[in-house]
Amino acid sequence: MTLDLNFVRSQFPALDSEWAFMDNAGGTQILKGCVDNINEYYYKNNVQLGGSYEPSQIAAKAFNEGRRKISTLFNAKSADEIVFGPSTTVLLQFLSKSLVGQFNKGDEVIVTTMDHETNIGPWLELEKWGVIVKFWDINLDTHTLHLSDLKKLLSDKTKLVAFTHVSNIVGTINPVKEFTRFIHDHGAMVCVDAVAYAPHRAVDVSEWGVDFYAFSLYKTFGPHHAALYCRMDRMLELDNLYHYFYGKDKIPAKMEPGNANYELSYGSGAIVDYLVELGSRANENGTDRENIEAAFDLITDHETRLGSMLLSYLGNRNDCNIIGIDDGNNTSRVPTISFTIKGKLSDQICLAMDKHKIGIRFGDFHARRLSDLLLLNQFNGAVRISLTHYNTMDEVERLISSLDQVLN
Ligand SMILES: Cc1ncc(COP(=O)(O)O)c(C=O)c1O
């Protein structure tokens, strides 16, 4: 069984374009179902929640439905473990703020140099409270994080380790379950940035045992909205960020000061409807969760084929330096593929590709510490081609023939 690309592409109206969209790690196209849900909410349910009158009750039901569906995408045990917010950046800032009460002067937090600044900056903020922040460095030979390096940083003062599931530059999948077990064995919590992972593989927070895990729905086929999972025991311990008369047990609302966006929360539920429908084509009688997993199996197969084609082209050039795993058949990488070309500037490459109507991107992608370590500045950053499951082999062929003209 292979991915039904006709069905897939029919669900994304914006793909009916002369452009090939290959900046998906920046943001994916949105599902028609999400737009329809958002419209439906505005046209039919746009009242304030919490009223006794029927339309307000219906609106609350829709909002809760969005949260319940997104909790299935995380495989969370309860919808109350899901916090909505405008972006992963904001959600992790909220998280660090709501953890302050649990940290003492001299406690330690570890962040990585592989991460986007979203999962570094909020933890550095804790230095104001006397928390010590240490950096777990990426290994520059393998472009991976090694537990042996982390081990040297851990101490009985370590309270939390923040790391990325997949770097938005490197594309290699970090073994979250193994990292989490190791970190928990040392008595610390984990906070995982899954923004670059969630569009490519099934998320399973229950299986991995993570404490905190977040990703952006606008990079996972939905609207500009994001979700943070806080495992229930952790959720209950977090400080209340909302009004004083909301106590710590007012979950998850205490983490959504001023309320989460209703229409986008409801709208995001259609991401799950889509994945369930996609998976049910391979797995007719499955539960919603089983169908989500079946959908991601199909997605992984297809994306591996796309990535493999591009990596083999780039790998055959003797002027190309691919960042991360360069073997396209390796399923521990997602098709977020960054590279530099000897003697060429990345911005110039992207500008030239614009003329071919192929949307790609250059830069440090807000993972500036990583970009500096990889010495990308001399190229004005890396070129990043980030494919997703709605891209086709024909598009990748077009990409390669355009790259060939631009690079030669
Ligand atoms: C890996 C990673 N983490 C975090 C972010 C930030 O997400 P948001 O825009 O939702 O704050 C991005 C955005 O590019 C990202 O790629």
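Taken together, the values in this text are just the output of simple stated rules run on the coordinates, not laboratory data. Since the model is a prediction, treat every value here as computed from it, not as a measurement. Here the Cβ is made from the backbone with ideal geometry for all residues, glycine too, and neighbour counts use every protein chain on show.
Descriptive notes on the structure:
- Rounded to the nearest 500, the helix-only mean residue ellipticity at 222 nm of the chain stands at -12000 deg cm²/dmol, with each DSSP H run of n ≥ 4 adding -39,500 (n - 2.57).
- Residue order, fewest to most surrounding Cβ atoms within 10 angstrom, among Ile360, Ile400, Ile337, Ile30: Ile400, Ile30, Ile360, Ile337
- Relative packing of 212-222, 119-129, 363-373, which averages over residues the other C-beta atoms within 10 Å, highest first: 212-222, 363-373, 119-129
- Backbone HN-Hα couplings from phi across segment 258-275 [Karplus 6.51/-1.76/1.60, Hz, Gly and Pro as x]: x, 6, 6, 5, 5, 5, 6, 5, 5, x, 5, x, 5, 4, 5, 4, 5, 5
- Under 5 Å, built H, 5+ apart or other chain: amide partners of Tyr213: Val192, Tyr229
- Listed by Cβ neighbour count within 10 Å, with the fewest neighbours leading, Ile169, Ile132, Ile38 appear as Ile132, Ile38, Ile169.
- Geometric extent, Cα atoms of the chain - Rg, Dmax (angstrom): 21.3, 68
- Alpha-carbon Debye profile of segment 78-163, log10 I(q)/I(0) at 0.16, 0.20 Å⁻¹: -0.67, -0.96
- Sorted by Cβ density within 10 Å, fewest first, the residues Val131, Val406: Val406, Val131
- Within the listed set Ser312, Ser265, Ser52, the Gaussian network model of the chain (springs between alpha-carbon atoms below 10 Å) gives the highest mean-square fluctuation for Ser52.
- DSSP-defined beta bridges in the chain - what % are antiparallel, rounded to 5: 55
- Electrostatic dipole magnitude of the chain [Cβ: Lys, Arg +1; Asp, Glu -1; Cα centre; debye, to 20]: 680
- Lys, Arg +1 and Asp, Glu -1 on Cβ, resulting dipole of segment 34-272 about Cα centre, debye, nearest 20: 260
- Positive end of the dipole of segment 34-272 (Cβ unit charges, origin at the Cα centre): among Ser56, Ser155, Ala226, the Cα lying farthest that way belongs to Ser56.
- Between amide H atoms placed 1.01 Å from N, distances below 5 Å from Ile132 occur with Gly106, Asp107, Glu108, Val109, all of them 5 or more places distant or on a separate chain.
- Within the same chain, lysines fewer than 8 places from Lys219 are excluded, and of the rest, those with a Cα less than 26 Å from its Cα are Lys32, Lys61, Lys69, Lys77, Lys97, Lys177, Lys254, Lys355, Lys357.
- Taking Tyr262, Tyr313, Tyr274 as the candidate residues, the one with maximal mean-square fluctuation in a Gaussian network model of the chain, Cα springs under 10 Å, is Tyr313.
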